[in-house]
1. Could you please find all residues in the stretch 172-212 being assigned to a helix (DSSP H, G or I) and either within 16 Å of ligand 1 (Cβ to nearest atom) or on the phi > 0 side of the Ramachandran plot (or both)?
2. Scanning for something without any contact (Cβ under 8 Å) to a residue 60 or more places away in the chain, surrounded by fewer than 16 Cβ atoms within 10 Å (Cβ to Cβ), closer than 27 Å to V79 by Cα and assigned by TED's automatic domain parsing to the domain that holds F32, does the stretch 128-144 turn up at least one residue?
3. Select, from T165, T160, the only residue that is polar (S, T, N, Q), modelled with pLDDT of 95 or more and within 13 Å of ligand 1 (Cβ to nearest atom).
4. Condition test on I333, is it within 12 Å of A254 (Cα to Cα), in contact with a helix residue (DSSP H, G or I) (Cβ under 8 Å, 6 or more places away or on another chain) and aliphatic (A, V, I, L, M)?
5. Condition check: in contact with a Phe, Trp or Tyr (Cβ under 8 Å, 6 or more places away or on another chain), away from ligand 1 (no atom under 14 Å from the Cβ) and either assigned to a loop (DSSP other than H, G, I, E, B) or modelled with pLDDT of 95 or more (or both). Does Y257 satisfy that?
6. Please give the number of the condition V30 fails out of (1) out of contact with any Gly (no Cβ under 8 Å at 6 or more places or on another chain); (2) away from ligand 2 (no atom under 15 Å from the Cβ).
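The values are calculated or read from the model by the stated rules, or taken from the named source; none is laboratory data. Just so it is clear, the structure is predicted and the values come from calculations on it, not from any experiment. Cβ placement follows ideal geometry from the backbone for every residue including glycine, while neighbour counts extend to all protein chains displayed.
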Amino acid sequence: TYSELKIDDPETKLNLEKAAKILTTTSEVVGFPTETVYGLGAPSKSSDSVRSIYKAKNRPLDNPLITHISSLDQLYRKVLSNGASIPKQYESLIEKFWPGPLTILLPVPETPNGTESTISKLVTANQPTFAVRMPSHPVARALIAISDTPLAAPSANASTRPSPTQASHVLHDLKGKIPLILDGGSCDVGLESTVVDGLCDPPMLLRPGGVSLEDLKTYGGEFWSRVVVAKRTAGKLEPVRTPGMKYRHYSPIAKVYLFLQCGDGVEKLNQFIVQNELKGKRIALLRSKHFKSASEISASITVDRELGTTGDNIQRHLFAMLREVDELGVDVIFVEGVDNDHEGLAIMNRLQKAAYQTVRG
Ligand code: TXA
Ligand code: MG
């Protein structure tokens, strides 16, 4: 079943309770909206449930999951129940960015003899740390609070596909594999949370996302002003430190070509179409600030979409547009790159992972 949920309507509570019941009484998983992208949730402490996440997504088992909490109180009660505290280097970030699109790493709490672990090893992929965030979306918060259990949740796409920013995207990828999707409309941020590791010094930005590098440095105090951006590739045998380091990610079916510093696009795109014998192929153009419209560039480009000109707009629409033009059955997608600062860092990170090839002007 696929249920529509609007936060103020009378069905809301019923649907939330239905979802909470699935989560707490079965090992099935539920799709739900967050402010970043849709998540596929299951109680973090239940290995059986978490296994269902990997199965539904067809996700490699060595790529760890983020645990979602509805309050700090819940984090202390349900995860850090052995009395561990949150390291103080995170205080400024938590104060400023929670609830919101920031994920932090914490040490996995030790389990005294005979007690059950509060986080399944399947969530952490056996690493000594776990990732946690407090989402700001009211449906996510309500679901986690009503279930009264922290939820492990990756993005609710099939593995390697662009993350879902609408309930219909989840349905498209996971139909028949999950019993329920809570529909909270389009996600506001549009790409995933920023993942940081403050357990090392200097601290690391593992995945750029909804909170910018500049904001981490501005609001995090002296410690976070020294944050280092993690390198992008991990070898086959290294543990996965950040998503997409070793896996193909965010990929539409059509080949994506990412164009950097190509001015208004006219000269470079025409040259590229000829050199790569793309005349007669179905080409989509996703453009931002500088590219001319498709009709002004080449008659070979038949689908023309504006990603937007500001970072938050591009961020919000990027995954939805990649999916949309893919659905139209184009052969290739040309995307105009953006500057690497502010929202641009996360946008370019996702585009580079989606891209079959990067073309420079
Ligand atoms: O915005 C988001 O973060 C969304 C929504 C649903 O909250 N979730 C999300 O989850 O993007 P996912 O699984 O697609 O990406 C989580 C990434 C993992 O790929 C992993 O590399 C990183 O977070 N991660 C999780 N646990 C980690 C750990 N212990 N150490 C390092 N990285 C970790
Ligand atoms: Mg993902």
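1. Our first condition is that a residue be assigned to a helix (DSSP H, G or I); within the stretch 172-212, this holds for 172-174.
Those that are assigned to a helix (DSSP H, G or I) and either within 16 Å of ligand 1 (Cβ to nearest atom) or on the phi > 0 side of the Ramachandran plot (or both): D173, L174.
2. Restricting attention to the stretch 128-144, the residues satisfying the condition of being without any contact (Cβ under 8 Å) to a residue 60 or more places away in the chain are 128.
Subset that is surrounded by fewer than 16 Cβ atoms within 10 Å (Cβ to Cβ): 128.
Of the ones still in play, those that are also closer than 27 Å to V79 by Cα are 128.
Filter once more, so that each one left must be assigned by TED's automatic domain parsing to the domain that holds F32: 128.
Yes, the stretch 128-144 contains at least one residue that is without any contact (Cβ under 8 Å) to a residue 60 or more places away in the chain, surrounded by fewer than 16 Cβ atoms within 10 Å (Cβ to Cβ), closer than 27 Å to V79 by Cα and assigned by TED's automatic domain parsing to the domain that holds F32.
3. T165
4. Working: within 12 Å of A254 (Cα to Cα): yes; in contact with a helix residue (DSSP H, G or I) (Cβ under 8 Å, 6 or more places away or on another chain): yes; aliphatic (A, V, I, L, M): yes.
Yes, satisfied.
5. Details: in contact with a Phe, Trp or Tyr (Cβ under 8 Å, 6 or more places away or on another chain): yes; away from ligand 1 (no atom under 14 Å from the Cβ): yes; either assigned to a loop (DSSP other than H, G, I, E, B) or modelled with pLDDT of 95 or more (or both): yes.
It is true that Y257 is in contact with a Phe, Trp or Tyr (Cβ under 8 Å, 6 or more places away or on another chain), away from ligand 1 (no atom under 14 Å from the Cβ) and either assigned to a loop (DSSP other than H, G, I, E, B) or modelled with pLDDT of 95 or more (or both).
6. (1)
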